[in-house]
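Working notes, beginning with the structure itself.
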Amino acid sequence: MAPALAYIHRFEPGGDLSLPPVLLLHGTGGDETDLLPLGREIAPGAALLSPRGNVLEGDMPRFFKRFREGLFDEDDVRRRANELSHFVAEACRVYGLARPVALGYSNGANIAAAVLLLHPNTLAGAILLRATTPLADPPRPDLSGVPVLILSGLNDPVIPRSGAEKLALALMSAGARVERIELPAGHGLTQVDVERAKAFFAREAAPATP
């Protein structure tokens, strides 16, 4: 049974302790099990920490409130980013983990971006799948050298291209090493997303060999 932390979650210990753990953040309507198979494929051997969003939109879990599609409740974004940052710190203490790399999809990618911008010491990096900027006026923290991959769909009907561009610029302005790739895809994920994310994790997270 998972310890009584602030989020319902799943934790899978890693088989390779040289790898950073991965924080899995699902999209709207998902739960703590949704991204476990994706996490295993993208980061084989890494520990996986997967919380369930603690906001409900109808009966669909999310990580923060929105007024409508594309219009976020930014006060709630800030509040929930703070809660998630505290959860990560406490889970890392309980499970004996290093700072994780976030792997987020859609709403999960957006809360990961908010944590990067508002709590820059929480994450060691991020893979953001179908993300947009969560804040209209992003802060400029110190994210010097933090690796971030943003994978966008050229035909995404949910995430406007301008939102992903603004997020990439905000993260780069903060010093993050941002790789942004546009794929011939919609809002759903493709095998190319998996391959790109897996290559990025292997390159950025794997320990250097002598």
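Brief remarks on what is shown
- Extreme residue, surrounded by the most Cβ atoms within 10 Å (Cβ to Cβ), among residues of segment 147-160 that are of a type in the set (A, V, I, L, M) and touching a helix residue (DSSP H, G or I) at 6+ places or on another chain (Cβ under 7 Å): V148
- Taking the criterion of being part of a strand (DSSP E or B) and open to solvent by less than 50 Å² (accessible area, probe 1.4 Å), the residues of segment 161-190 that qualify are V178, I181, L183.
- Within segment 14-52, being closer than 16 Å to S106 by Cα and small (G, A, S) holds for G27, G29, G30, G39, S50.
- Residue in segment 8-21 that is open to solvent by less than 20 Å² (accessible area, probe 1.4 Å) and of a type in the set (A, V, I, L, M, F, W, C) present: no
- Within segment 85-95, one or more residues are free of Cβ contacts under 8 Å to residues at least 40 places away in the same chain and among the hydroxyl-bearing types (S, T, Y).
- In segment 25-134, counting only strands (runs of 3 or more DSSP E) that sit wholly within it, the ones holding 2 or more residues that are open to solvent by less than 20 Å² (accessible area, probe 1.4 Å) and within 20 Å of V194 (Cβ to Cβ) span 48-51, 101-105, 125-129.
- Applying the criterion of being open to solvent by 50 Å² or more (accessible area, probe 1.4 Å) and among the aliphatic types (A, V, I, L, M) to the residues of segment 200-210, the residue that is modelled with the lowest pLDDT is A208.
- The residue list L5, L19, L36, L24 contains one member that is in contact (Cβ under 8 Å) with a residue 12 or more places away in the chain, under 24 Å from P141 (Cβ atoms) and among the hydrophobic types (A, V, I, L, M, F, W, C), which is L24.
The values are calculated or read from the model by the stated rules, or taken from the named source; none is laboratory data. All figures in this text were calculated on a predicted structure; none of them were measured in a lab. Don't worry about glycine lacking a Cβ; one is built from the backbone with ideal geometry, like all the others, and counts go over all protein chains shown. Areas reflect the complete protein model, heavy atoms only, side chains present, ligands, DNA and RNA absent. Shrake-Rupley method; radii C 1.70, N 1.55, O 1.52, S 1.80 Å.
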